[in-house]
Every structure is written in structure tokens, then in C-alpha cells.
Amino acid sequence: MELVTIFLKLLIGYASIIVYFHMVGRSAMAPATASDQVQNFFLGGMAGAVILNFSISPIQFLIILAIWFAIIASVNFLKLRIPVLRSLIEGDSIELFSENRPNKKAFLKAKLSAGDFITLLRNQGVTSIDNLQNVRIEANGQLSISEKKEDSFNKYLIVDGMINATELVEIKKSNDWLEAFVGSKGLKVEEIFILEYNTKTANIIFVKQPV
């Protein structure tokens, strides 16, 4: 009987992982954001703790998973609509180098030492800081690097219908300026899927929200 219970729980756990992939839009467990990491920890922890706990029945396991998936769905829904919540959960990208100059406050904010920074650079095949133009650490801990021979980074001023205040400040523009531009196109900010600003040409490209 215990083996049957374990089998049923394993089957439920396997199905729950497939459901989880569909919910978060991933094809692997590798986390892309901080919230993905937390969700993976909880899902793995719950499955491991429940499968060998015979005081919890398969039906109770299903109920626990349903509650957890409801929490995931709610968080994903809210963070797409509330910029402050998304920033709190996912974090923001931080510009570490600008015009080949390191930003000390940015390194402190990212809690990144010089040694860690060098390791991340080497992991991306960069062996010298001499050619660095701009370096940004993304919310998932990966570096985005622009070298002197390359064009400067484009800034994404609107993402998922929300203003990216961090990158807007970096180009020394205001919310009013951005809203005026969007309004001149007969649109609202929430109707924009992605708006990209070229820091060299000041050219602006945008894509409307998919229907």
C-alpha cells in the first residue's frame, strides 16, 4: 500500500512539474529570475517532503500543489501589472560601467566585489577591462557587456506596458517626456510591449502589445 501511495505521489509530482513549466513559460528548471529560483526551491522542497510523508495522502498533496500554483499565478499576474512589485520581486538591472568608468555605488548595490566581477567577465570571454564601454548586471546575475568597438547599449524604456524608470533616468529623460512621445503616436504606455531607445542615434523603436 505504501508503494502505491509513493507511486501516486510521484505521478502527481511529475504532472505538477509539467503544469509548472506551462504556467511560467519555461522549458527547463534553470531559473531566469529570482522568483523562478524561489518557486523551484519550494516546488522541489514540497515534493521531497510530501512524497515520503505517509501522513499526507495523494489528495492532500494535490490540494497543497493547487494552493501553491494559485500563489504562483497570482504573483505572476500582479508583477506584470505593478512595477514596484516586479522590481521588488525580480530586482532591476544595474549599470556597473559607463563610458569605461566603474560606478562604485552600483558595485555596492549589486554586492559585487572586484574579484567576482573579474570572474563574471572571464566567464564571458572578456580578459581585459580596457575595452569595456558599458557593463550592466541583469536581475538574474548575468552581465551584459558592450565594448568600445561596439555600439552603446540600447535602453528599454517600456517593458510589458510599464515604464522602466532605471533606464529612463540613465538617459536623463522624464516620465512626462516618454508619455508625451507615446501619446504623439496615439498610444498609451500600457499599450506598448517594448520601447527601445538608441543611445547613439536617439532613434526610438517600439512594438505594441500583442493582441
For the chain, averaging the sequence separation of alpha carbon pairs under 8 Å that lie six or more residues apart and dividing by its residue count, the contact order in percent is 14
Could you run the Debye sum over the Cα atoms of the chain, one equal point scatterer each and no solvent, and tell me log10 of I(q)/I(0) at q = 0.13, 0.17, 0.18 Å⁻¹, two decimals? -0.89, -1.18, -1.25
Points 7 angstrom from Cα along the Cβ direction at R81 and K185: gap in nanometres? 2.4
All-pairs Cα distance distribution in the stretch 45-149, expressed in whole percent, bin size 10 Å: 13, 30, 18, 20, 14, 5, 0
Percent relative contact order for the stretch 2-87, counting Cα pairs under 8 Å at least six residues apart, stands at 36
Counting only Cα atoms, I'd like the Rg/Rh figure for the stretch 154-208, Kirkwood definition for Rh. 0.91
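Loop-only chymotrypsin sites (Phe, Trp or Tyr not before Pro) in the stretch 54-159, please: DSSP not H, G, I, E or B, and at most 13 other Cβ atoms within 10 Å.
On the way: sites: F54, F61, W68, F69, F77, F97, F107, F117, F153, Y156; in loops: F54, F153.
Those that pass, being in a loop and sparsely packed, are F54.
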Which three lengths, in whole Å and largest first, does the stretch 92-147 cover when its Cα atoms are put on their principal axes? 24, 21, 17
With n ≥ 4 as the cut-off for DSSP H runs, can you work out [θ] at 222 nm for the chain, using -39500 (n - 2.57) per run divided by the number of residues, rounded to the nearest 500? -15500 deg cm²/dmol
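DSSP loop GluC sites (Glu not before Pro) in the stretch 118-211 with at most 16 other Cβ atoms within 10 Å of their Cβ, which ones?
Numbers: sites: E138, E147, E150, E167, E170, E179, E190, E191, E196; in loops: E138, E150.
Sparse-neighbourhood loop GluC sites (Glu not before Pro): E138, E150.
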Would you list the membrane-span-like helices of the chain, meaning whole DSSP H runs whose alpha-carbon atoms span at least 27 Å along their axis and whose mean Kyte-Doolittle value is at least -1.0? 2-24, 58-79
Expressed as cubic angstrom per residue, what is the convex hull volume of the alpha carbon set of the stretch 2-87? 86
Tell me which residues come under 5 Å, amide H to amide H, from K208 once H is placed; ignore anything under 5 positions away on its chain. F193
Loop trypsin sites (Lys or Arg not before Pro), the stretch 96-180 (other Cβ atoms within 10 Å of the site Cβ: 14 or fewer; DSSP): K111, K148, K149, K172
The stretch 92-147: relative contact order from alpha carbon pairs under 8 Å, six or more residues apart, as a whole percent, is 44
For the chain, give the magnitude of the charge dipole about the Cα centre (Cβ charges: +1 Lys/Arg, -1 Asp/Glu; no others), in debye to the nearest 20. 180
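Taken together, the values in this text are just the output of simple stated rules run on the coordinates, not laboratory data. In this text, all values refer to a predicted model and were calculated from it rather than measured experimentally. Methodologically, a virtual Cβ is constructed for each residue, glycine included, from the backbone with ideal geometry; neighbour enumeration extends over all protein chains shown.
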